[in-house]
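Read through the structure below, which is laid out as structure tokens, and then see the notes.
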Amino acid sequence: MPRPVSKASTYLPGLDGIRALAVAAVVAYHLGLARFSGGLLGVGIFFTLSGFLITSILLNSFKGTGTMQFKRFWLHRARRLLPALVVMVAVVLLTTALWNPLEFHDRLVSTLSALLYVNNWVTIHQGVSYFARFSAPGPLDHLWSLSVEEQFYFFWPFVLLGLLTLCKGRATRMALITLGMAVVSFVLLLATAHVGFDNTRAYEGTDTRAGGLLIGAAVAMLWQPSRRPRRQPLGARLILDAVGIVALAVIVEQITATNQYSISIYHTGILALSVATAALVAVVVHPGADANAVLGIPPLRFIGERSYGIYLWQLPIIVACSGHLFASNALVHDVVVCGLILLAASLSWRYVEDPIRTHGFTQAWSMLRASLADARHRGLGLVAPLLAGSLVVTVGVGAASVHGAKPVPTTLPPVHIKPVKYLGLKTRCTVVTQDGDSTSDGLISPDYLPNPADRLPAQLARVGVKVFHSAISGAQSINETWHGQPNAQERVTALVHAGVHGCWIFALGTNDSADVAVGSSVSMPKRIALMMALVPHQPVLWLSVKSLPYVQFPYNDDQMQQWNHWLLEACKQYPNMRIYDWRSEVLTPWYQTDGIHFTSYGYYQRAVRIADALAHAFPLQSASPKSCIVSSGVPG
């Protein structure tokens, strides 16, 4: 934590070191560094540290004055947290209004909920996912954690006062009750999280994340090492250091060995991280341990002191620079982005955070006005760094407001259309239903295919289809659900019950492969069997799947190939099933940069080839080919 304003308080630079490690993990996660795929757990380090520090402050206040001094406590919290937050969201709103007004309403809602410290619950209520499968993050998506902490800051003093009264100040009893509340929170976390992807409710809920804060609070009740002598016997010192090393190792292991899809995060990961953080904090604050000096080295202390500003500005700047700044050189990109984050955080600390926390709002404003007046006599002085920093941050967040929005698909200008040569084949399928995920969205979307003749319904009509039903929906899986939307089983079941009968096209497997990869108990063969059982004796055409080589886990192409293997195995069991080998026909230029979805021309090719593959699989005037695998026959 930053050096305390009060001279009576003890400054422990090792705590700034812990903050530095936490914020570095978060930044690494948002930069997409594979070795720090569990860096989102850095927020949990902040939670446990905050629980310890806030409870220590409140207990010391109660011991010294006999009261919690609620007004003073909340005023100090407001001084520390609000000014930098207001500056950051003001810049985001301003640049959004100027650069991307269509996103202004969403940014305004996020801003108001952040300032009222209910951002996490608003996000959960709106169904916005922290783990959106393919969407780029927004520049304010990280503010949920500040809301969790501020809710704790508001309610915990009352709870703590109640514990002091109920337990008559007995620290052990208070700590046991606090740990009991932590257990309840971790049980809720376990019960709320499910195998799959959308665990935003578990990850961002105050009730499910309070456990880490409460563990820190319990340690603050029990651990008062300041009463112990600085000089410790060699054995005790070695034990303290060993505990610190083990705790740090557990933290590093969690950050490097997990990822956002790991269900283990909710089962044991956050709990282990919280306990390890609490142990590390306990060692750092002990006067006889070496951890305070080791973690308090100047570079870590510098970052830790500015960790709040770094956390505020890192996501807007990362989103702004993603795919644009030095996109061809990942190392240079990351170094430059980190430099911009440190610049923004340093400006925030120097001109906003430290003056206000030290002198209060009124005196800090007077000092700023005096500095500006003095700068007019001394040349640029203060104005130069402020203007330079403001320019960098404004441009960065302005870009974030644009590029952090939902990408607009690349349309298909008529001049770029290179129509394929149709084969003139016809299918016996007069009624066709396609169930597909987001890799099929563009087949029916005017955003991707402005000309209706290029879309899938028209292409199917070309080969003889009279009626087309669409069950296409982004993020769809066979078994899992997304934001409460029906899964593939539910969509097809509803259509069958409504009387839909005919031929079926299943363009599924991309999300299912990833679901299985992250731990779903429903295997790939079982998923395919579930879909085939819904449409017995009706012709079914499955599409094989592919992602480009650079796509990372769990959407990597190894997973897609496993899915294709099980499609082929299933086809041997179902005479009514054929597989269109899209994988062997799709070309790399047809993909978008994510390596999973397709460009407008890619969707045009996909629509044409699906129609002709259907005619090959279930031809009008002959029996279906004996081979499970069919091609479209369309020239490349």
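The values are calculated or read from the model by the stated rules, or taken from the named source; none is laboratory data. Computed from a predicted structure; not experimentally measured. Note that each Cβ is placed from the backbone with ideal geometry, even for glycine, and that neighbours are counted across all protein chains shown.
Report yes if some residue within the range 275-295 is in contact with a His (Cβ under 9 Å, 6 or more places away or on another chain) and closer than 22 Å to Leu222 by Cβ; otherwise report no.
The first filter runs over the range 275-295 and keeps only residues in contact with a His (Cβ under 9 Å, 6 or more places away or on another chain), leaving 292.
If we keep only those that are closer than 22 Å to Leu222 by Cβ too, we end up with 292.
Looking for residues that are in contact with a His (Cβ under 9 Å, 6 or more places away or on another chain) and closer than 22 Å to Leu222 by Cβ, one finds at least one in the range 275-295, hence yes.
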| said: I need every pair where a residue in the range 512-541 that is in a strand (DSSP E or B) has its Cβ under 6 Å from the Cβ of a residue that is of a type outside the set (Ser, Thr, Tyr), sequence separation at least 6 or different chains. | reply: Val540/Trp504; Val540/Asn576; Val540/Met577; Leu541/Ile505; Leu541/Arg578; Leu541/Leu614; Leu541/Ala617
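What are the residues in the range 48-67 that are without any contact (Cβ under 8 Å) to a residue 24 or more places away in the chain, in a helix (DSSP H, G or I) and not polar (S, T, N, Q), if any? Working first, answer last.
Taking the range 48-67 and keeping what is without any contact (Cβ under 8 Å) to a residue 24 or more places away in the chain, we get 57, 60-61, 63-67.
Applying the additional criterion that residues be in a helix (DSSP H, G or I) yields 57, 60-61, 63-65.
Correct list: Ile57, Lys63, Gly64.
What's the total number of residues in the range 462-496 that are aliphatic (A, V, I, L, M) and surrounded by fewer than 16 Cβ atoms within 10 Å (Cβ to Cβ)? Walk me through how you get there before you give the answer.
Taking the range 462-496 and keeping what is aliphatic (A, V, I, L, M), we get 463, 465, 467, 471-472, 475, 478, 488, 492, 494-496.
Narrowing the set further to residues that are surrounded by fewer than 16 Cβ atoms within 10 Å (Cβ to Cβ) leaves 467, 494, 496.
Number satisfying all stated conditions: 3.
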| remark: The lone condition Ile239 fails out of (1) surrounded by fewer than 20 Cβ atoms within 10 Å (Cβ to Cβ); (2) touching a residue at least 24 places away in the same chain (Cβ under 8 Å) is (2)
| field | Which numbered condition Ile505 fails, given (1) in a loop (DSSP other than H, G, I, E, B); (2) of a type outside the set (Asp, Glu); (3) crowded, with 18+ Cβ neighbours inside 10 Å | value | (1)
| Can you name every residue in the range 572-591 that is within 37 Å of the chain's Cα centre (by Cα) and not in a loop (DSSP other than H, G, I, E, B)? | Ile579, Tyr580, Trp582, Arg583, Ser584, Glu585, Thr588, Pro589, Trp590, Tyr591
| said: Checking the structure you have, find out if any residue of the range 240-251 is under 30 Å from Ser346 (Cα atoms) and outside any helix (DSSP H, G or I). | reply: no
| request: From the list Val23, Val27, pick out the single residue that is under 13 Å from the mean Cα position of the chain (by Cα), in a helix (DSSP H, G or I) and either at pLDDT 95 or above or not assigned by TED's automatic domain parsing to the domain that holds Glu150 (or both). | output: Val27
